[in-house]
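**Q** The structure's right below; bear with me while I get my questions together.
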Amino acid sequence: MARFRAIVFDFYGTLTPGRTGAQQLAARAAQAAALGIDPHVFDAELTATVDERFRGAGGSIEGSLAWLARRLGVEPEPAALREAARVRLSAERRFGQPRPEAVAVLTAVRARGLAVGLVSDCSAELPAYYPQLPIAPLVDAPVFSFVHGVRKPDPRIFTACCAALDVDPADCLYVGDGGSNELPGARAVGMHAVHLAVPGEQHGVVYGRHETWDGPRIAALPQVLDLLD
């Protein structure tokens, strides 16, 4: 009998390579320029509002940018908003390209008869471009915090994915890079959690990493297949 019935993956930093702080700052500066906002002020506001944005603030890419701008005392013109949204979506799409091995790993998981889920803390952009990603057809239940209005480690986001997969949390393996305190959160609902810690990516942008994880670790995404036997 199989050890697990499903694997649930984190997205950013797990199915995708981690982004660096310099990459993120450059992308945000281009968005700020489109809105006519100081890039350092804009960067600080994006970081300060992660929780609200990941839980659906603004309701869309343009709406979220308008919400941010108004918090900073700026009322952007519609054309500026459209351009900033285009720039932001383009940058997030680049950051969201899967690891080269991701498709092969998900295909192998499915070939073993396991369901595949996805739980991501994200703003408006990921739900917008996700359907075009090569991994999308391989995921049975994608769950986005922006859509559900809750983010990790809230147990509801994990149980929503398990319910969509029609599996008990105890029958799920959860794989993530540790952001948003996700690993203890997944374990708290009964999932088996493993930390993906890729050498060279430990200094990438991660929100709310749990620094004292005492559970299992793997160093490369394909190693998850070794945990299925």
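The values are calculated or read from the model by the stated rules, or taken from the named source; none is laboratory data. Please read these numbers as outputs of a predicted model, since none were measured by experiment. No Cβ is skipped: glycine too gets one built from the backbone with ideal geometry, and neighbour counts run over all protein chains shown.
**Q** Exactly one condition in (1) out of contact with any strand residue (DSSP E or B) (no Cβ under 7 Å at 6 or more places or on another chain); (2) not in a helix (DSSP H, G or I) is false for Pro131; which is it?
**A** Pro131 satisfies all of (1) out of contact with any strand residue (DSSP E or B) (no Cβ under 7 Å at 6 or more places or on another chain); (2) not in a helix (DSSP H, G or I) except (2).
**Q** How many of the residues in segment 26-82 are part of a helix (DSSP H, G or I) and in contact with a Pro (Cβ under 8 Å, 6 or more places away or on another chain)?
**A** 8
**Q** Might you let me know whether segment 178-189 holds any residue that is more than 16 Å from the chain's Cα centre (by Cα) and without any contact (Cβ under 8 Å) to a residue 12 or more places away in the chain?
**A** Looking through segment 178-189, none of the residues is more than 16 Å from the chain's Cα centre (by Cα) and without any contact (Cβ under 8 Å) to a residue 12 or more places away in the chain.
**Q** If Ala104 satisfies every condition in (1) small (Gly, Ala, Ser); (2) touching a Phe, Trp or Tyr at 6+ places or on another chain (Cβ under 8 Å); (3) in a helix (DSSP H, G or I) but one, which is the exception?
**A** Single failed check for Ala104: (2).
**Q** Next question, about the same structure. Restricted to segment 113-123, and to residues that are out of contact with any Lys or Arg (no Cβ under 8 Å at 6 or more places or on another chain) and over 16 Å from Ala164 (Cβ atoms), which residue is surrounded by the most Cβ atoms within 10 Å (Cβ to Cβ)?
**A** Per the stated criteria, the residue is Cys122.
**Q** Still on this structure, I have one more. Inspect all residues belonging to segment 91-100 and state whether any of them is outside the structural domain of Cys172 (by TED's automatic domain parsing), surrounded by fewer than 17 Cβ atoms within 10 Å (Cβ to Cβ), hydrophobic (A, V, I, L, M, F, W, C) and at negative phi.
**A** No.
**Q** Please state which of the following conditions Gly190 fails to meet, knowing it meets all the rest: (1) at positive phi; (2) assigned to a helix (DSSP H, G or I); (3) modelled with pLDDT of 95 or more.
**A** (2)
Residues checked against (1) touching a residue at least 40 places away in the same chain (Cβ under 8 Å); (2) closer than 24 Å to Leu65 by Cβ; (3) out of contact with any Asp or Glu (no Cβ under 7 Å at 6 or more places or on another chain):
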| site | (1), (2), (3) |
| --- | --- |
| Glu83 | yes, yes, yes |
| Arg110 | no, no, yes |
| Pro134 | no, no, yes |
| Pro137 | no, no, yes |
| Arg151 | yes, yes, no |
| Leu165 | yes, no, no |
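**Q** Kindly indicate which of Phe9, Phe54, Phe4 is under 27 Å from Leu173 (Cα atoms) and in contact with a Gly (Cβ under 9 Å, 6 or more places away or on another chain).
**A** Phe9 is the lone residue from the list that is under 27 Å from Leu173 (Cα atoms) and in contact with a Gly (Cβ under 9 Å, 6 or more places away or on another chain).
**Q** Do you know which residues across segment 171-186 are of a type outside the set (Gly, Ala, Ser) and crowded, with 24+ Cβ neighbours inside 10 Å?
**A** Restricting attention to segment 171-186, the residues satisfying the condition of being of a type outside the set (Gly, Ala, Ser) are 171-175, 177, 181-184.
Within segment 171-186, Cys172, Tyr174, Val175, Asp177, Glu182, Leu183 qualify.
**Q** Also, quick follow-up: How many of the residues making up segment 134-166 are buried (at least 21 other Cβ atoms within 10 Å of the Cβ) and farther than 13 Å from Val119 by Cβ?
**A** Going through segment 134-166 one residue at a time, the tally reaches 1.
A quick yes/no check of all residues on (1) free of Cβ contacts under 8 Å to residues at least 12 places away in the same chain; (2) among the acidic types (Asp, Glu); (3) over 22 Å from Met191 (Cβ atoms):
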position	(1), (2), (3)
Arg5	no, no, no
Arg19	no, no, yes
Leu25	no, no, yes
Asp38	yes, yes, yes
Arg71	no, no, yes
Ser90	yes, no, yes
Gly117	no, no, no
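**Q** Also, quick follow-up: Look at segment 197-216 and say how many of its residues are within 19 Å of the chain's Cα centre (by Cα) and either hydroxyl-bearing (Ser, Thr, Tyr) or modelled with pLDDT of 95 or more (or both).
**A** The total comes to 1.
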